[in-house]
Amino acid sequence: DTGVSQDPRHKITKRGQNVTFRCDPISEHNRLYWYRQTLGQGPEFLTYFQNEAQLEKSRLLSDRFSAERPKGSFSTLEIQRTEQGDSAMYLCASSLGTGDWSGANVLTFGAGSRLTVL
Amino acid sequence: GENVEQHPSTLSVQEGDSAVIKCTYSDSASNYFPWYKQELGKRPQLIIDIRSNVGEKKDQRIAVTLNKTAKHFSLHITETQPEDSAVYFCAASKGGNNRLAFGKGNQVVVIP
């Protein structure tokens with residue numbers, strides 16, 4: 001286990017198609033995050049899981065977006081009926097969260113999945 | 001929610017000089033402040049972080065200072081080298097909630 005893995009690295013799709021991204025976090029990490037990053041911007045939070053529970057979703061996450069982490073290990077992010085505005089880098093990150101303020105909350109990012117919607 | 005802002009957006013420095021990037025945050029309850037470095041085409045990587053019970057932290061050529069009263073924290077890079085050229089993101093979060101809110105990033109260019 002050498003880090004956070006994301007697949008595919010690049011995806012080109014036509015508007016209206018569905019796409020799915022997969023993230024495999026560091027195995028001992030209980031928290032998993034999805035962020036979106038566009039050119040010249042910082043990562044924007046989308047959603048995060050603690051184990052298999054989805055604890056928070058950003059208002060950025062429209063109904064076309066759905067994320068799962070069924071067994072508390074890997075996660076998938078699906079975008080239905082893609083739009084050109086969905087074109088971005090989708091970053092996954094994981095961390096070992098202990099829940100208290102002094103706990104470790106260092107995020108390790110994956111290399112990202114770049115989506116281009118034509 | 002937390003709003004994080006970074007200034008300046010781009011910073012050019014001569015090799016060997018120091019670089020300072022300032023970040024402001026809005027939520028006084030935030031207590032964890034990391035800095036991430038992202039080289040072109042690569043993933044963001046943590047370079048240093050600071051918690052609210054500490055005013056300054058140093059790691060070799062990199063340091064971070066925190067002013068809780070003013071709600072800002074800064075990244076200091078001394079003796080800059082060409083490999084320091086990258087985009088640097090600051091972030092903030094509340095304890096127990098690891099959702100990091102990121103700034104838009106600062107492009108640092110080290111001129112040889």
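The values are calculated or read from the model by the stated rules, or taken from the named source; none is laboratory data. Quantities reported herein were computed from a predicted structural model and do not represent experimental measurements. Heads up, the Cβs are rebuilt from the backbone with ideal geometry, glycines too, and the neighbour counts pull from every protein chain shown.
Sub-7 Å Cβ pairs linking a first residue in region A:71-100 that is over 15 Å from A:Thr47 (Cα atoms) and among the polar types (S, T, N, Q) to a second residue that is outside any loop (DSSP other than H, G, I, E, B) and modelled with pLDDT of 95 or more, at least 6 apart or interchain, are A:Thr82/A:Thr13; A:Thr82/A:Val19; A:Thr82/A:Val117; A:Gln84/A:Val117; A:Ser87/A:Leu115; A:Ser87/A:Thr116; A:Ser87/A:Val117, ordered by first then second residue.
Kindly evaluate B:Ser52 against the criterion of being closer than 16 Å to B:Ser93 by Cα, free of Cβ contacts under 8 Å to residues at least 24 places away in the same chain, of a type in the set (S, T, N, Q) and within 14 Å of another protein chain (Cβ to nearest Cβ). It would help to see each step written out before you state the result.
Working: closer than 16 Å to B:Ser93 by Cα: yes; free of Cβ contacts under 8 Å to residues at least 24 places away in the same chain: yes; of a type in the set (S, T, N, Q): yes; within 14 Å of another protein chain (Cβ to nearest Cβ): yes.
Spelling it out, B:Ser52 is indeed closer than 16 Å to B:Ser93 by Cα, free of Cβ contacts under 8 Å to residues at least 24 places away in the same chain, of a type in the set (S, T, N, Q) and within 14 Å of another protein chain (Cβ to nearest Cβ).
Among residues that are among the hydrophobic types (A, V, I, L, M, F, W, C) and at the interface with another protein chain (Cβ under 10 Å from one of its Cβ atoms), A:Phe45 is included.
The lone criterion from (1) farther than 17 Å from A:Lys11 by Cα; (2) among the charged types (D, E, K, R); (3) outside any loop (DSSP other than H, G, I, E, B) left unmet by A:Lys71 is number (3).
Residues checked against (1) touching a Phe, Trp or Tyr at 6+ places or on another chain (Cβ under 7 Å); (2) within 16 Å of A:Ser5 (Cα to Cα); (3) at pLDDT below 90:
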position: A:Pro70; (1), (2), (3): no, no, no
position: A:Phe74; (1), (2), (3): no, yes, no
position: A:Glu83; (1), (2), (3): no, no, no
position: A:Ala88; (1), (2), (3): no, no, no
position: A:Cys92; (1), (2), (3): yes, yes, no
position: A:Asp100; (1), (2), (3): no, no, yes
position: A:Val106; (1), (2), (3): no, no, yes
position: A:Gly112; (1), (2), (3): yes, yes, no
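Checking A:Leu61 against (1) more than 13 Å from the chain's Cα centre (by Cα); (2) assigned to a loop (DSSP other than H, G, I, E, B): exactly one of these is not met. Which one? Answer for A:Leu61: the failing condition is (1).
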